[in-house]
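Asker: Okay, here's the structure, questions in a sec.
The values are calculated or read from the model by the stated rules, or taken from the named source; none is laboratory data. All figures in this text were calculated on a predicted structure; none of them were measured in a lab. Virtual Cβ from ideal backbone geometry, glycine too; neighbours counted across all protein chains shown.
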Ligand code: ACM
């Protein structure tokens, strides 16, 4: 009987009918070859770093293994080996070979070694014994991002660090930090201290909530924490709109607004505004060593009519021969772009910048899913573009039919859609393979109007950020929603261990939907964009 079963298994395997159980890894690697057997744990978990460039990754692995209950140290005869392998082409790529005797991670760059380490750590976390395997892996996209909005509701250092740590675990590498908006200014600027101490008062739900912001020391600490995890932080200082909190602190640079968006803009007509904003960006550039500064540029239309009657803007228009305020927006943006270049940084902004014919060095974030032509325009014109369309990548939209707190606009953003993005969208929008060459990657945005505490941020983010991680990393032929869903069990186990209030998509009762904030003062978003 046994012989018959063995023969049947051999035939089924030979015919390719037996799908091996996927390894417990998110995002799934590009190439996986499993071999019979397990790493012999008797060989221990000491780590040998054969090249000093991987010292930081070796130390990171050691600390995580120790935290997971293993005995581990950096030792010249360790059986877990991190080695330089110049044949690995992608800087974020790696090979991982597990045999009975050794675990070897090969990479040509510390980022690749780090991702090999993350894959190994997931196997340690999720398997009883480390399976013998050969993995060759590299990402589909260079930009795999997540945006946190600390302006609408402030979360604080520990929550930000926990997100960055989990991002790294799932091989996400860009943390876009929305630090300023109408409801709050959350970054200390030494030259203009009132930005934080006055602009930091209030939130989306309560204009009088106590002052909250990140000090420059806290930011340096977070930047260092992120860089050890190969996560680049992209600070966003939104301008010339979304400036209400800044204008509370320094009304002399106010360009006005209208209706429910009072004091919405910086004033493009005053020369002092450019000095002020350049000083701010100068401090921001010092704090964030990464190549990018994000200066927003979205939704200026909400306040731009105020410019028509502002004497300083009128004087600018006369001086420059402008006949409409849109030209003032272009003038403002071009001056700020020049300032960002002067600081040695690359500018990144929202897709409205395309209407201003900004310099081709600018990176564009396509966010208006209902304006797909902005994606094709951006790519067609050769702008490096990050895709973060509201649907399906805004995590302030609900993720399940039963949820009531969050955006719903003719549908919402379920896990499956995040996972499926972007390929079906390419087809429907008409994004050609030539255009795709200008896509740097994709990003999820967790706008926090209705995320006033960590339970709500976590509930709206997980497990969708796991799906984003796999869509951003794994090549299309290796994506499989059923397999991904099965692998989420490991993520849920981890989240339970860490006390994270995630949405369990198969068992919605596990964590009931947390209540939204009590809005003490209505704004446009709370009135029209959300279910109340
Ligand atoms: C945006 O959602 N206003 C970029």
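Asker: Identify, by number, the condition in (1) within 30 Å of residue 456 (Cα to Cα); (2) in contact (Cβ under 8 Å) with a residue 24 or more places away in the chain; (3) in contact with a strand residue (DSSP E or B) (Cβ under 8 Å, 6 or more places away or on another chain) that residue 400 doesn't meet.
Answerer: Here residue 400 clears every test but (3).
Asker: Could you please let me know if residue 115 is under 25 Å from the mean Cα position of the chain (by Cα), closer than 22 Å to residue 467 by Cβ and crowded, with 24+ Cβ neighbours inside 10 Å?
Answerer: It is true that residue 115 is under 25 Å from the mean Cα position of the chain (by Cα), closer than 22 Å to residue 467 by Cβ and crowded, with 24+ Cβ neighbours inside 10 Å.
Asker: Next question. How many residues are surrounded by 13 or more Cβ atoms within 10 Å (Cβ to Cβ) and part of a loop (DSSP other than H, G, I, E, B) when one looks only at region 491-514?
Answerer: Adding up the residues that qualify gives 11.
Asker: Could you list, in sequence order, the residues of region 283-305 that are more than 16 Å from the ligand (Cβ to nearest atom) and part of a loop (DSSP other than H, G, I, E, B)?
Answerer: 288, 289, 290, 291
Asker: Still on this structure, I have one more. Scan region 253-271 and tell me whether some residue there is modelled with pLDDT of 95 or more, more than 16 Å from the ligand (Cβ to nearest atom) and under 22 Å from the mean Cα position of the chain (by Cα).
Answerer: no
Asker: Oh, and also: For residues in region 342-357 being over 18 Å from the mean Cα position of the chain (by Cα) and within 16 Å of the ligand (Cβ to nearest atom), which is surrounded by the fewest Cβ atoms within 10 Å (Cβ to Cβ)?
Answerer: Selected residue: 355.
Asker: Among the candidates 171, 191, which residue alone is surrounded by fewer than 23 Cβ atoms within 10 Å (Cβ to Cβ) and either touching a residue at least 60 places away in the same chain (Cβ under 8 Å) or part of a loop (DSSP other than H, G, I, E, B) (or both)?
Answerer: Just one listed residue meets the conditions, 191.
Asker: Would you be able to say whether some residue in region 152-167 is assigned to a strand (DSSP E or B), under 29 Å from residue 495 (Cβ atoms), modelled with pLDDT of 95 or more and under 25 Å from the mean Cα position of the chain (by Cα)?
Answerer: no
Asker: Among the residues of region 232-245, which ones are surrounded by 24 or more Cβ atoms within 10 Å (Cβ to Cβ) and away from the ligand (no atom under 16 Å from the Cβ)?
Answerer: Passing the criteria: none in range.
Asker: Residues in region 487-505: is at least one at pLDDT 95 or above, under 29 Å from residue 376 (Cβ atoms) and in contact with a helix residue (DSSP H, G or I) (Cβ under 9 Å, 6 or more places away or on another chain)?
Answerer: Within region 487-505 (the criterion being at pLDDT 95 or above, under 29 Å from residue 376 (Cβ atoms) and in contact with a helix residue (DSSP H, G or I) (Cβ under 9 Å, 6 or more places away or on another chain)), the answer is no, since none of the residues qualifies.
Asker: Within region 361-415, how many residues are within 15 Å of the ligand (Cβ to nearest atom), assigned to a helix (DSSP H, G or I) and within 22 Å of residue 175 (Cβ to Cβ)?
Answerer: Result for region 361-415: 3.
Asker: Looking only at region 246-279, how many residues end up being in contact (Cβ under 8 Å) with a residue 24 or more places away in the chain, surrounded by fewer than 19 Cβ atoms within 10 Å (Cβ to Cβ) and within 19 Å of residue 339 (Cα to Cα)?
Answerer: 3
Asker: Continuing with this model, one more query. Among the numbered conditions (1) closer than 30 Å to residue 329 by Cα; (2) touching a strand residue (DSSP E or B) at 6+ places or on another chain (Cβ under 6 Å); (3) surrounded by fewer than 23 Cβ atoms within 10 Å (Cβ to Cβ), tell me where residue 412 comes up short.
Answerer: Here residue 412 meets the rest and fails (1).
Asker: Within region 84-96, track down each residue that is in contact (Cβ under 8 Å) with a residue 24 or more places away in the chain and either surrounded by fewer than 18 Cβ atoms within 10 Å (Cβ to Cβ) or closer than 14 Å to residue 58 by Cα (or both).
Answerer: Across region 84-96, the qualifying residues are 84, 89, 90.
Asker: Residue 12 is checked against (1) over 17 Å from residue 125 (Cα atoms); (2) modelled with pLDDT of 95 or more; (3) exposed (fewer than 14 other Cβ atoms within 10 Å of the Cβ) and fails just one. What number does that condition carry?
Answerer: So residue 12 meets the others, but not (2).
Every residue, every condition in (1) closer than 21 Å to residue 230 by Cα; (2) touching a helix residue (DSSP H, G or I) at 6+ places or on another chain (Cβ under 6 Å), yes or no:
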residue: 48; (1), (2): yes, no
residue: 51; (1), (2): yes, no
residue: 70; (1), (2): no, no
residue: 79; (1), (2): no, yes
residue: 86; (1), (2): yes, no
residue: 92; (1), (2): yes, yes
residue: 121; (1), (2): yes, yes
residue: 135; (1), (2): yes, no
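Asker: Separate question: Please enumerate the residues belonging to region 434-490 that are within 16 Å of the ligand (Cβ to nearest atom) and part of a helix (DSSP H, G or I).
Answerer: 460
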